[in-house]
Structures are given as C-alpha cells and as structure tokens.
Amino acid sequence: MAKELKLMKGNEAIAEAAIRSGCDGYFGYPITPQSEVMEYLMLEKPWEKTGMVVLQAESETSSINMVYGGAGAGKKVMTSSSSPGISLMQEGLTYLAGAELPCLVVNVVRGGPGLGTIQPSQADYFQATKGGGHGDYQLYVLAPASVQEMYDFVFDAWDIAFKYRNPVMILSDGAIGQVMEKLYVGDYVPRWTDEQIRKIAPWATFGKPTTRDHNIITSLELDSAKQELHNLKLQAKYREMEKNDVRYEEINCEDAEYLFVAYGSSARIAQKAIQLGREKGLKVGLLRPITLFPFPTKRLAELSKKVKGMLSVEMSAGQMVMDVRLATENRCKVEHYGRFGGMIPTPHEVLEAMETKIINA
Amino acid sequence: MTEEIIIAGFGGQGVLSMGKILAYSGAMQDKEVSWMPSYGPEMRGGTANVSVIISDERISSPIISQFDTAIILNQQSLDKFENSVKAGGTLLYDPNGITKPPTRKDINIYKVAATEKSAELGMSKVFNMIVLGAFLKVKPVVTEEFIEKGLFKSLPERHHKLIPENLKAVQTGKELVETVNKS
C-alpha cells in the first residue's frame, strides 16, 4: 500500500480516514473541540470524489437518527460530536445497539458536567463503557492516543461494527483532536457496492427480493420471552468481544515495579512521566488500554501479580480506576490521579502522584 | 535531539501559523513533530499559544509544561511562561510592549525587535517569520532549505507567491536577534 505523509490535527485525521475508508455518510452538528471533522469534510467535498454524503443536521438528535437510517440500509455511516452532543445522542445509541446496527460514533471529549468547558477531558468514560443510554448494552470503545490512531481506528471501527453488528465509539479528547502530528495515510478503500452490501449485511433493508421475508430493523419486541432471548444474544456478542477483540499496549512493562494505567492523551503524558521516572531510577511502566470496552481485565490481573502498585491516570475524578480495581482484585495497591474540568495534568505532576500515592505511600 | 518549544503572544500575531511552519519544516526534514495549540476562549480575543516539539525520537507527550525554548510576544505570555523555561534553556522575546523584561539568570535570553522592524519595512504580515528567523539563528533545529519546504507544505497554494518574502523575513530575523543574557 502506498503510504503518504501528512501533518494533520486528530480531528482532520478522522475526516480523512472516513473518506479513505469508504464511508457512505457523515451526519453531524458542530461543537468544539471537534468541529474540524465536519469542516474538513466540507472542504474536501468527498461527494464529488467517492460519493460519500456529508450532511449538517439540525441537531445531534437528528444526526444520530440519520445514522440509524443509514446503518439500517447496511451503509457505513458515522457521526462525531463532543460530550454535550453525545449526551443528546444517547437515545439513538441504545436504539442502534438494540437493533444491532453497525456504525461509528466519535466523541472528542470536553470537560463537564453540563456545557462544562471546551478543554480536553476524559470524564465520559462511564458514559461510553457502561451504557450511556438505557438497557443492557455495550458499545465497542476504542481510545486513540495519537493522530495516527485517530486515522487507523476509523478503519478498524468498520471491521468491528460489521463483524458484531454493533455501534463502535472512538473515545478521544480535545487534546488528541486538536494536536497536529505526522500521519501516514494509505490508499482509498472504495465504498461498498449494493452487491457487496447484500453479501456483508444480508440483514439490511436494501429492497426485498421474492426469495425471502422482510428484513425488519427495530429495537422493539413486546414479547418478553423473545426480548430476553434477544438480550442473551447481545450478551453473548459482548462476551465474544471480550474473548477476541481486547486491545492494549505495554510500554516498559518487562521490568516495571510500578505501572501507570492510562488511555488517550493521559497515556501520552504518562509516557513522558515514565521517561522522567526512569531518569531517576524508578522502574515505572505503562499499560495503555486501547479498547475501553472490552477492557484489558485479564492482562491487568496478570500484571497485578508482578507489580507493587498501579496508578490510574485519567482526566476525570476517577472512573477507569474502578475497572482497574476490579481487574486487580486487591492484589496490588491501586490509586487514581486525575485533573478535570478541562485541566490537563503535566508529566511532572503525574510522576509526583506515582511517588506520593504509590511508591512512597 | 529533542526541542520542546512554546510560542506565545496575542491572537493575530501569527503564533499558531509560526508553529505550524516550524512543525511542517521539521516533518519535511524527517523529524518527529507535534503541534499542540491553545484553543477556545483565551484564543478568541486574547492570548494564543502553541507547543511545538521537534525530535529525532518518537514524541512521548505533545502536552508539556517545561520548555527548552520559549518564544514570547507579549507581556502576559512572558509573565506566564518565563518560569517554565528549563534551566539552561532559551527565552526569545520581542521587546515591543514589554514593560517588565525577563530577569532569570540561569537561562539564555535573546530579543528580536520584530514588531518595530516589520513596521519599518512595511512587512507586518511576515512579522512572525522575522521572529522565526531569530529563533533559528539561536537554535538551528531545522535548516533553511526545509523551512522553504515547510512553507510550501503549510501555506495554501494561493499564498505560494509570498514565500520569497517570508524567506527574506527569516533572514531579517537572523540578522536582528540580540543576546541579552548568557546563562
């Protein structure tokens, strides 16, 4: 594959990846700090190149329901927003999960609660991983930590979304959305033809041939026994994700006595803290969850037998730390360090927290 | 080599675009680069700043709080970032509007009267390139050849005709920079 070097913001990388990965439709409503996604798409005019639809809806509620419609037709469709906008989409998301529709939703998180601030945050972890809408459902959640991953994960998202017939969320934050880094882009993946959609998504509503019954897209089932069976099917799907599609990265873990656990931009800050710590002779490493659901529970459990302590670093009041504690089952000390409301911790601050809360505690 | 830089000044001074040109030039020269802007309320009508990292190695965090070099274009930014320069590091500032000059003795301090010079030459649009030239004289992290390539890559095509003027401004900055303090 030909690789071309670009310098781009994380948000622009999402848009570029959408075009290059054969996305059929983007529906969105502007909100800082992710407005560049739609701005870039509008400038690139992909409808002239690949036929991809780009539409500014009248609200986030509308965007997510346009996604519902497109996904029901077996199309690769997506939306992006930031925290308050994603909250508005929760009804749509649970309907998409209930109706088992593949799609991509990007959340470039900003500080909350409420309208909060426009600066980076990771306080939407619970909403993303524990079901922000009602009912027992899960999104598959990817957490990019670089501009390159913002790009790559769009391609991965389509694979997972169609493999499981499930919405995928890219949970990013204002820092990764706004930072500009080197990006290598590959060839264009053509949009699927109707023929391909019939094969890949035989459940979709692309027109009824005489050979089969109607395909119906719905999340409604009034027969409780049937709805329970549907729930069991969904749960089995989530267990399959946990079995087959957990992703994480280990940095300096081989000889580490103390671990940072961090995702997204916090993982980048932790990497710098590791450099500073190693210069002081501290054996620190990083376990970076790449998927937040399914969470790298098994690997953290194994590591908890080897290390003396873990510090979960998040730009939140302490959300992911709950999953780290569940995984480690008190085998080692686990503490949380976070800044919130749009404040970003510095590498020095993070290292100091490791020293005071874990190493010297 | 890793150079961690903050560029800070008023919105409209070309702080973000100076950082962008630097980042593009570094990328053209096969370096690892990151460009992390301030965005939001402070940019909309007040101060703007951007952290740029240029490195031979993979960049760990694009978010940094201590800098090898601070390029400072107004008093607020000087107040905010003077103490964030690493000991032995570099502070470059434009004296225009500076009422309380930097006082640290453990860093190298340079000044470039870019506002004054650009007004004198009627080149206010390339003010930021004069500052960039001064920085490159003090810290040649990218070579001039790649600054030109960076300009080509970062400016929209309709502005490519302005590149010679930009490069001239870089030269002006190189000649204009003065040493204030050696650590």
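A short reminder: the numbers here are calculations on the coordinates, not readings from a lab. Small disclaimer: the values here were computed from a predicted structure and weren't measured. Please note: Cβ atoms are built from the backbone with ideal geometry, for glycine as well, and neighbour counts cover all protein chains shown.
GNM, chain B, Cα, under 10 Å: largest mean-square fluctuation among B:T115, B:T172, B:T103?
So, out of B:T115, B:T172, B:T103, the one fluctuating most is B:T103.
In what sequence, highest mean first, do B:121-129, A:44-52 appear when ranked by Cβ atoms within 10 angstrom?
Highest-to-lowest ranking by the protection proxy: B:121-129, A:44-52.
Considering only DSSP beta bridges where both residues belong to chain B, give the percentage that are antiparallel (nearest 5).
Close to 60 percent.
Select from A:D156, A:D124, A:D255 the residue whose mean-square fluctuation is largest in a Gaussian network model of chain A (Cα-Cα springs shorter than 10 Å).
A:D255
Say the cut-off is 25 Å between C-alpha atoms; which of B:K153/B:K174; B:K31/B:K125; A:K9/A:K130; B:K105/B:K168; A:K280/A:K308; B:K31/B:K117 go over it?
Pairs exceeding the cut-off: B:K31/B:K125; A:K9/A:K130; B:K105/B:K168; B:K31/B:K117.
Could you name the aspartates and glutamates in cross-link range of A:K283, using Cα to Cα under 19 Å and dropping any fewer than eight places away on the same chain?
The reachable aspartates and glutamates, counting only those whose Cα sits under 19 Å from A:K283, are A:E249, A:E250, A:E254, A:D255, A:E257, A:E302, A:E335, A:E349, A:E352, A:E355.
Percent antiparallel among DSSP beta bridges with both residues in region A:4-195, to the nearest 5?
25
For a quick check: with amide H placed at 1.01 Å from N, whose amide H comes under 5 Å from A:G22's, ignoring anything fewer than 5 positions away on the same chain?
Counting only residues 5 or more places away or on other chains, the set is A:V189.
Treating the beta-carbon of each Lys and Arg as +1 and of each Asp and Glu as -1, no other charges, what is the dipole magnitude of chain A about its Cα centre, to the nearest 20 debye?
The calculation lands at about 640 debye.
Determine how many Å³ per residue the convex hull of the Cα atoms of the protein assembly as shown encloses.
159
Taking springs between alpha-carbon atoms closer than 10 angstrom, which of A:Q148, A:Q275, A:Q178 fluctuates most in the Gaussian network model of chain A?
A:Q275
Using only DSSP helix segments of four residues or longer, with each worth -39500 (n - 2.57), what per-residue ellipticity at 222 nm results for chain A after dividing by its residue count and rounding to 500?
Taking each H run of at least 4 residues, the total per residue is -12000 deg cm²/dmol.
Give me the percent relative contact order of chain A, please, defined on Cα pairs under 8 angstrom at least 6 residues apart.
18
With a ≥ b ≥ c the root eigenvalues of the C-alpha gyration tensor of region A:186-342, is it rounded (a/c under 1.5), prolate (a/b larger than b/c) or oblate?
Here region A:186-342 falls in the prolate category.
Give me the inter-chain shielding for B:60-73: mean count of other chain Cβ atoms within 10 Å, whole number please.
Going residue by residue through B:60-73 and averaging, the value is 5.
Looking only at other chains, what is the average number of their beta-carbon atoms within 10 angstrom of each beta-carbon in A:265-275?
That works out to 4 on average.
Give the order of A:E181, B:E144, A:E335 when sorted by the count of other beta carbons within 10 angstrom, beginning with the fewest.
B:E144, A:E335, A:E181
If r is the Cβ-Cβ distance from A:R212 to A:K163 and R0 is 30 Å, what FRET efficiency results, to the nearest 0.05?
For R0 = 30 Å, the calculated efficiency reads 0.85.
Using a Förster distance of 35 Å, how high is the FRET efficiency between A:R331 and B:E57, based on the Cβ-Cβ distance and rounded to 0.05?
In this case the efficiency is close to 0.55.
Given a cut-off of under 8 Å on Cα pairs at least six residues apart, what relative contact order in percent is computed for chain B?
So the answer I get is 24 percent.
Between A:D187 and A:T61, how many nm apart are label points set 7 Å from Cα along the C-beta direction?
Between A:D187 and A:T61, the label points sit 4.5 nm apart.
Out of A:S35, A:L7, B:I54, whose Cα points farthest toward the positive end of the dipole of the protein assembly as shown (charges: +1 Lys, Arg; -1 Asp, Glu; placed on Cβ)?
Farthest along the dipole direction, towards plus: B:I54.
Shape of region B:2-181 from its Cα gyration tensor (a ≥ b ≥ c, root eigenvalues): rounded if a/c is under 1.5, otherwise prolate when a/b > b/c, or oblate?
Here region B:2-181 falls in the rounded category.
Counting DSSP beta bridges in the protein assembly as shown, what percent are antiparallel, to the nearest 5?
Given both bridge residues lie in the protein assembly as shown, the antiparallel proportion sits at roughly 40 percent.
Using alpha carbons only, how many degrees (0 to 90, rounded to 10) separate the axis of helix A:10-20 from the longest principal axis of chain A?
Orientation of helix A:10-20: about 30 degrees from the principal axis.
Calculated FRET efficiency, A:E91 and A:E257, Cβ-Cβ r, R0 35 Å, to nearest 0.05?
0.15
Can you list the residues, at least 5 places off or on another chain, whose amide H is less than 5 Å from the amide H of A:C253, using H built in the peptide plane?
Counting only residues 5 or more places away or on other chains, the set is A:L286.
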